[in-house]
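The values are calculated or read from the model by the stated rules, or taken from the named source; none is laboratory data. Quick caveat, the model's predicted, so the values are computed rather than measured. Cβ placement follows ideal geometry from the backbone for every residue including glycine, while neighbour counts extend to all protein chains displayed. The protein model used for the area step is the full one, side chains on, heavy atoms only, and it has no ligands, DNA or RNA in it. Shrake-Rupley method; radii C 1.70, N 1.55, O 1.52, S 1.80 Å.
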Amino acid sequence: MLKTALSDLEVVSEEEAGHLWHLKYPLCDGSGHLVVATTRPETMLGDTAVAVHPDDERYRHLIGLEVRLPLADRNIPVIADEFVDPTFGSGCVKITPAHDFNDYEIGQPPRSSDDST
């Protein structure tokens, strides 16, 4: 057996204690920044959004704005998703669809009710 993984579907995930990195994502309008807490800062170049919980009073007013992705020359949106746990970390989650199945689902555009596929 080569003990290699061809896809995340073949990996047995295990919970382990990790370190939370706190990264500042500046708001594009210059009014401040969001602090994103993550265990995987190395995936930030693949970020496509920052998500907050839609009922989180701290961030509700920022939904629809854009932040500047650190180390990359591009802007990404602040989106709302109920998947975000506002009590964990900073309450802001970086969305990296190529890294995580949940992030992939969150990053998909909403389907209209008349989509038959």
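Miscellaneous remarks
- Under 12 Å, Cβ to Cβ, from Pro26 - net charge with Lys/Arg +1 and Asp/Glu -1: 0
- The accessible area of Glu14, taken with all protein chains in place and a 1.4 Å probe, comes to roughly 150 Å².
- Close amide-amide hydrogen proximity is noted between Cys92 and Ala37, each under 5 Å apart and 5 or more residues distant or on a separate chain (H modeled in the peptide plane; Pro and chain starts excluded).
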